[in-house]
Amino acid sequence: MTRFLLGRIVSAIPTLLIVTVAVFAMVRMIPGDPAKLMLGDLARPEQIERLRDVMGLNRPLYEQYFIWLSNILTGDFGRSITTNQDVLPLIFERFTVSASIVVVAVAFAALIAVPAGMLAAWRQNSLTDLGLVGLSTISLSIPSFWLGLMILLVFGLWLGWFPIVGFVSFNEDFWRALSYIAMPVLTLVLVEIGSIIRMTRASTIEVARTEYITHARAKGLTESAVMWRHALKNAFAPTWTLLGLILGALLGGIAVIETVFTIPGLGRLLVDAIYARDYPVVQGCILSIAVIYVLVNLIVDLLYPIFDPRIRQ
């Protein structure tokens, strides 16, 4: 198992380096001159050229990359063009907002979808199975922005149960914060349970056909004991991988949901920065999203031996 863990950690390093190269290249391909954007349309050519020299934009691309990478490694992500704030604290502040919604949503989705998927597999081809598969298909088919708008309309405007605009952090007021994230969390839960149900169902059906499950039944164990005590751990391993992918993708930025519910998260920050052509923030957000995705999946890989005994050998 030690070899497996070390291999996953070492493999993450070149992945992160490739990510930095990709982020640097994509931002450099964005049309426009960052120096001119920072100084405004009234700036004189010599002022623009001086700022370009200060920012290192006149240097070869490979030099710009290594300067930028060295700054990133020291925690210097630059300053925002529009707000003049340090980019790294700004990203961290917005990331905590996104994380407070995403982690809760994925946890609830897993608590609902994993038992539902196992139940569907255990009662394969029954009405219960057909109903759960149908619900998961509907969940996968509904666009997240439309579902968010419908939830906002029903629970926010018609019923008035939850506030429809704004956000309150948990540090300020715990119960008010819950009311503000309730609808975004509900939207994400309904969007993600479909894929989790289908994955859990497929992996459980595969596990249910193995010999050790037949042996457990032959010993006289009840179906519930066979399912929860013997099948769950092995059936959950592929689902755990899927949960990692979902968590990484959502933590990286749920721009659509944050836009619908006016949540000041990381995805919303990236969208606003793109419209404002705030290059340091765009570059920092994209890099952070990629790093978050890589790190979350690395953590998932490191925890995988808990669910797959063969890796521990």
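FYI, it's all coordinate maths here, none of it is from the lab. Quick caveat, the model's predicted, so the values are computed rather than measured. No Cβ is skipped: glycine too gets one built from the backbone with ideal geometry, and neighbour counts run over all protein chains shown.
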Inset, instruction - Sort 204-210, 99-105, 186-192 for me by packing, meaning the mean count of neighbouring Cβ atoms within 10 Å per residue, highest on top. - result: 186-192, 99-105, 204-210
Inset, instruction - Normalising by the residue count of the chain, find the relative contact order in percent from Cα pairs under 8 Å and 6+ residues apart. - result: 26 percent
Inset, instruction - Jot down the radius of gyration and Dmax of the chain, Cα atoms only, both in angstrom. - result: 23.9, 86
Inset, instruction - Could you tell me which of Q64, A107, G117 has its Cα farthest along the dipole of the chain towards the positive end, charges placed at Cβ (Lys, Arg +1; Asp, Glu -1), taken about the Cα centre? - result: G117
Legend entry - Positive-pole candidate from M227, L188, F261, dipole of the chain, charges at beta carbon: M227
Inset, instruction - Arrange F66, F95, F155, F261 by Cβ neighbour counts within 10 Å, fewest through most, would you? - result: F66, F155, F95, F261
Inset, instruction - Name the residue, out of T137, T96, T83, whose mean-square fluctuation peaks in a Gaussian network model built on the chain with Cα pairs under 10 Å. - result: T83
Inset, instruction - About the Cα centre of the chain, how large is the charge dipole given +1 on each Lys and Arg Cβ and -1 on each Asp and Glu Cβ? Please answer in debye to the nearest 20. - result: 960 debye
Inset, instruction - Name the residue farthest towards the positive end of the dipole of the chain from the options A202, I164, V23, assuming +1 on Cβ of Lys and Arg, -1 on Cβ of Asp and Glu, about the Cα centre. - result: A202
Inset, instruction - Scan the chain and note any complete DSSP helix (H) whose C-alpha atoms cover at least 27 Å along its axis and whose Kyte-Doolittle average is -0.5 or more. - result: 2-28, 87-122, 174-208, 279-303
